[in-house]
Amino acid sequence: MIGKEIRLERIMDRNTGRAVIIPMDHGFTMGQIEGLCNMTETVNAVSEGGANAIVLHKGMVKGGHRKHGKDIGLIVHLSASTSLNPDPNDKVLVCTVEEAVALGADAVSIHINLGAPNESRMLESAGEVVRDCNRWGIPLLIMIYPRGTGIDPTSPQSVGHCVRVAEELGADLIKTNYTGDPETFRRITAACSVPVMIAGGEKGGDMETLTTIRGAIDAGAAGVCMGRNAFQRGDPARFIAAISRVVHEGVSPAEALETER
């Protein structure tokens with residue numbers, strides 16, 4: 001679909017075929033957390049750092065629209081849950097593809113937790129979203145993780161299963177956990193026809209985070225989809241610039257940290 005192809009170029013670098021995407025949908029799940037209390041300020045920092053796109057819930061699109069500065073791709077997140085829910089892994093649809101189109105989205109995203117008690121409903125909802133994305137020519141980012149009792153969230157078998165499910169559903173981009181090992185992750189990306197990006201998780205050290213990203217890129221990852229590990233930095237723009245150098249230029253973590261805005 002030419003519509004999907006055009007929109008994908010708004011959220012990915014057309015030269016490298018990779019992307020640095022910064023999700024900022026955490027407020028729905030966790031409340032008024034550090035880094036997301038002034039959305040305009042944070043979106044501006046993320047954009048100035050060179051991120052390709054951001055992920056927002058529909059109600060935050062207006063607050064994050066700056067009307068100035070560098071452009072940045074917009075992905076509207078369609079599913080959600082809260083940390084107050086007895087089962088925080090139970091993601092339900094809170095927005096439609098049509099609503100996202102009306103908001104100016106370049107793509108949409110959904111969240112699936114394989115192994116969670118309500119996995120079946122999340123898969124069913126994903127099927128509906130894929131149908132609507134194909135109708136509207138909107139790219140779909142599927143964020144999918146192995147989460148459930150007794151499940152290892154970084155097991156190569158479980159992560160590979162997540163990637164295959166997203167691919168079979170019809171994802172245009174996939175976000176999942178990094179296995180922590182380039183060799184096992186390379187087998188996963190090599191067996192998938194869709195770009196696979198790694199999640200960021202909670203904030204870690206600068207060098208630790210960039211080293212993880214470099215390992216994933218070397219293993220065939222199409223970039224990062226990283227939230228708290230990016231926007232909760234003291235200087236998000238500078239750290240995202242470092243991430244962008246690792247992802248798009250292939251520099252070492254040490255070289256990336258020397259980057260000055």
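The values are calculated or read from the model by the stated rules, or taken from the named source; none is laboratory data. All values reported here derive from a predicted model rather than from experimental measurement. We place every Cβ from the backbone using ideal geometry, glycine too, and count neighbours over all the protein chains shown. Areas reflect the complete protein model, heavy atoms only, side chains present, ligands, DNA and RNA absent. Shrake-Rupley method; radii C 1.70, N 1.55, O 1.52, S 1.80 Å.
Within the range 41-51, can one find any residue that is among the hydrophobic types (A, V, I, L, M, F, W, C), closer than 22 Å to ILE6 by Cβ and open to solvent by less than 20 Å² (accessible area, probe 1.4 Å)?
The answer is yes; a qualifying residue exists.
Looking only at the range 134-174, which residues are open to solvent by 20 Å² or more (accessible area, probe 1.4 Å) and either in contact (Cβ under 8 Å) with a residue 40 or more places away in the chain or part of a strand (DSSP E or B) (or both)?
ASN134, TRP136, ARG147, GLY148, SER158, HIS161, VAL165, LEU169, GLY170, ASP172 - these are the residues of the range 134-174 that are open to solvent by 20 Å² or more (accessible area, probe 1.4 Å) and either in contact (Cβ under 8 Å) with a residue 40 or more places away in the chain or part of a strand (DSSP E or B) (or both).
Looking at LEU36 and the list (1) buried (at least 17 other Cβ atoms within 10 Å of the Cβ); (2) more than 20 Å from MET197 (Cβ to Cβ); (3) touching a strand residue (DSSP E or B) at 6+ places or on another chain (Cβ under 7 Å), which single condition is not satisfied?
Every listed condition holds for LEU36 apart from (3).
Just to be sure I understand the filter: pairs with C-beta atoms under 8 Å, separated by 6 or more residues or on different chains, first member in the range 46-66 and farther than 23 Å from ILE174 by Cα, second member of a type in the set (Gly, Ala, Ser) and at pLDDT below 95. Which pairs pass?
The qualifying pairs are GLU48/GLY69.
Taking the range 112-133, which residues are assigned to a helix (DSSP H, G or I) and buried (at least 21 other Cβ atoms within 10 Å of the Cβ)?
Passing the criteria: MET122, ALA126, VAL129, CYS133.
Would you say VAL76 is of a type outside the set (S, T, N, Q), open to solvent by less than 20 Å² (accessible area, probe 1.4 Å) and more than 14 Å from ASP25 (Cβ to Cβ)?
Values: of a type outside the set (S, T, N, Q): yes; open to solvent by less than 20 Å² (accessible area, probe 1.4 Å): yes; more than 14 Å from ASP25 (Cβ to Cβ): no.
Taking the combined requirement at face value, the residue does not satisfy it.
Search the range 193-244 for residues being touching a Lys or Arg at 6+ places or on another chain (Cβ under 9 Å) and among the charged types (D, E, K, R), and hand back the single one that is surrounded by the most Cβ atoms within 10 Å (Cβ to Cβ).
It comes out as ARG228.
Could you give every pair whose Cβ atoms fall below 8 Å, whose first residue belongs to the range 10-30 and is surrounded by fewer than 17 Cβ atoms within 10 Å (Cβ to Cβ), and whose second residue is in a strand (DSSP E or B) and aromatic (Phe, Trp, Tyr), counting only separations of at least 6 or pairs across chains?
none
Here is a check on your reading of the model: is ASN85 open to solvent by 20 Å² or more (accessible area, probe 1.4 Å), of a type outside the set (A, V, I, L, M) and under 26 Å from GLY234 (Cα atoms)? Break it down into steps so the answer makes sense when it comes.
Numbers: open to solvent by 20 Å² or more (accessible area, probe 1.4 Å): yes; of a type outside the set (A, V, I, L, M): yes; under 26 Å from GLY234 (Cα atoms): no.
Here the answer is no, as ASN85 does not meet what is asked.
Within the set of pairs 6+ apart or on separate chains, which have a first residue in the range 214-238 that is under 19 Å from THR184 (Cβ atoms), a second that is among the basic types (Lys, Arg) and assigned to a helix (DSSP H, G or I), and C-beta atoms under 9 Å apart?
ASP218/ARG186; ALA219/ARG186; ALA219/ARG187; GLY220/ARG186
Restricting to the range 145-202, name every residue that is of a type in the set (A, V, I, L, M) and closer than 22 Å to ARG228 by Cα.
Answer for the range 145-202, where residues must be of a type in the set (A, V, I, L, M) and closer than 22 Å to ARG228 by Cα: VAL159, LEU173, ILE174, VAL196, MET197, ILE198, ALA199.
Among the residues of the range 182-204, count how many are among the charged types (D, E, K, R) and more than 17 Å from the chain's Cα centre (by Cα). Full working, then the answer.
To start, the set of residues in the range 182-204 that are among the charged types (D, E, K, R) comprises 183, 186-187, 202-203.
Still in the list and also more than 17 Å from the chain's Cα centre (by Cα): 183, 186-187.
Number satisfying all stated conditions: 3.
Go through (1) of a type in the set (A, V, I, L, M); (2) open to solvent by less than 20 Å² (accessible area, probe 1.4 Å); (3) over 28 Å from SER244 (Cα atoms) for LEU93 and report which single condition fails.
(2)
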